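Here is the structure we will look at, set down as structure tokens.
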Amino acid sequence: MLLTLGLNHNTAPIEIREKLVFSPERLSQSLQSLQSLTSIEEAAILSTCNRTEIYCATAPQTIEEVVKWLASQHNLSETDIRQYIYSHSDTASIKHMSRVACGLDSMVLGEPQILGQMKSAYQQAQTAGTIGKYLGRLFQHTFQVAKKVRTDTAIGSSPVSVAFAGVKLAQQIFGDLQQHTALLIGAGETIELSAQHLKEQGIGQLIVANRTIEKAHAIASHGNGYAIEIRDIPDHLAEADIIISSTASQLPILGKGSVETAILKRKHKPMFMMDLAVPHDIEKEVGLLSDVYLYCVDDLKNIVDDGLQSRREAAEQAEDIIDIQIPYFQTWVNAQSASKTIYQLRKNSESARNELLGKALKAIRNGAEAEQVLTRLSNDLTNKILHQPSSSLKKAAAEGNYQLLSAAQHLFKLED
């Protein structure tokens, strides 16, 4: 049985999710502890700020055992977490993993980071030695489906946050961002997202300005950047091709005069400015200056709304792709069940052959006629291989189990 068990931003508040995160340092040990449970054959763990999920190849009836293990790993009681836990088995588990990898179960619809996190979870389980044939194949299936969704739909191409929309606009104006500098004003979530998107698009340099320079430094350190205090912005403004501001200030931080001075220093090279604050961080009059492209939240709202609608439409296509791909994996799983039976059948037959062949060779070495030995060998081998099936079919007939009789006729291509 395939089992997925976990919790996410839809089922648990952040204070619960934080308690159930597996740190990278203890993940390998936790995986091996999970696999040591008698019902767990294979295991992998995906743990992010928004979800913790356990993927297993298991014996039936193991859900409660895994919940108990998860609680014990974090020194919690089962009752503390049970209400937040969801579980999926077999086909539902296959579908859930594909939806997660495609970003359909994410806080931001279609976000691409989760696929990388799933690949990391797979690699960590491989390193820990807890991935086997079934989960290994399931992860590969999941990655292939996610790739197909990214290729065949627009799930990740449309902006769905003002930060993303602003960075996309900057790209439209400047093209390649590698030779450009961005000045970010503030240190909240929007600025963090903007820094992340700029880094992903290859921004040349980041300058982060904030009243608390430690917070600014924490954001700047993730990219090729440095931190400054807000009062020092005029000294650096001319360096910036892109300015994104989002603070809680009740008064504008950038005025027309300081921007005019920066434009002169830049010899009228254009500046892209995005004011995401309410009330505004940048005076409206700045937008009247030549060589300045100023956008506010309202200007970006239509872009974001269009992006959300585009992603919802793409998500519907993605759901169809996932549903179409599930039977391919299910067919492989079913074939594995048959392969075990075929292996055991061949093993039993070969064992009977080897036993009777040994007796025949011994008889020939003792002077028996080869023709007689071969005749007896063929009769004995036929009887030994067909004895158990024949007994089972006689019993089935006596009990009226005509389904088994019909299956045998079909299997061995027998006439009625």
Based on alpha-carbon positions alone, could you give the equivalent ellipsoid semi-axes of the stretch 261-365 from the gyration tensor, as √(5λ), descending, whole Å?
79, 19, 9
Note the full-extension length gain between Gln330 and Asn75 as 0.36 nm times their separation in residues minus their Cα-Cα distance, in nm to one decimal.
88.1 nm
Per DSSP H run of at least 4 residues, take -39500 (n - 2.57); add these up for the chain, divide by its residues and hand me the 222 nm value, nearest 500 deg cm²/dmol.
-18500 deg cm²/dmol
Debye calc, one equal point scatterer per Cα of the stretch 162-304, no solvent, log10 I(q)/I(0) at q = 0.16 1/Å comes to -0.74
Would you work out the charge dipole size for the chain about its Cα centre, treating the Cβ of every Lys and Arg as +1 and the Cβ of every Asp and Glu as -1, and quote it to the nearest 20 debye?
1840
The stretch 45-126 - Debye-derived log10 I(q)/I(0), Cα point model, q = 0.14, 0.17, 0.21, 0.25 Å⁻¹
-0.53, -0.78, -1.14, -1.36
Quick note, the chain: a/c under 1.5 would make it rounded; otherwise a/b > b/c is prolate and the rest oblate (a ≥ b ≥ c, C-alpha gyration tensor); here it is prolate
The residues Cys49, Cys296, Cys56, Cys102, sorted from fewest to most surrounding Cβ atoms within 10 Å, come out as Cys49, Cys296, Cys56, Cys102
Geometric extent, Cα atoms of the stretch 2-152 - Rg, Dmax (angstrom)
14.2, 44
With a 29 Å threshold on alpha-carbon distance, the violating pairs from Lys119/Lys199; Lys119/Lys301; Lys68/Lys347; Lys147/Lys199; Lys359/Lys395 are Lys119/Lys301; Lys68/Lys347; Lys359/Lys395
If you average the C-alpha positions of the stretch 173-194 and of the stretch 245-293 separately, how far apart do those two centres end up, in angstrom?
14
Whichever aspartates and glutamates have a C-alpha closer than 18 Å to that of Lys256, once near sequence neighbours (fewer than 8 apart) are set aside:
Asp232, Asp235, Glu239, Asp241, Asp275, Asp281, Glu283, Glu285, Asp291
With Cβ to Cβ distances under 14 Å as the rule, what net charge do the other residues near Glu285 carry (K, R +1; D, E -1)?
-2
Full-extension gain between His217 and Lys384, please, as 0.36 nm times their residue separation minus the C-alpha to C-alpha distance.
52.2 nm
When a footprinting reagent is the concern and you count Cβ atoms within 10 Å, what order do Leu70, Leu109 take, fewest first?
Leu109, Leu70
Exposure proxy check: Ser36, Ser194 ranked by fewest other beta carbons within 10 Å?
Ser36, Ser194
Alpha carbon centroid spacing (whole Å) that separates the stretch 87-138 from the stretch 1-52:
12
R0 = 51 Å: FRET efficiency of Gln372 with Ser337, Cβ-based, nearest 0.05?
0.75
Return the lysines within reach of Lys394: Cα separation strictly under 19 angstrom, same-chain partners fewer than 8 residues apart disregarded; answer none if there are no such residues.
Lys384, Lys413
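All of the numbers you see were taken from the coordinates with simple rules; none came from a lab. No experiment lies behind these values; they were computed from the predicted model shown. Counting neighbours? That spans all protein chains shown, and the Cβs are built from the backbone with ideal geometry, glycine included.
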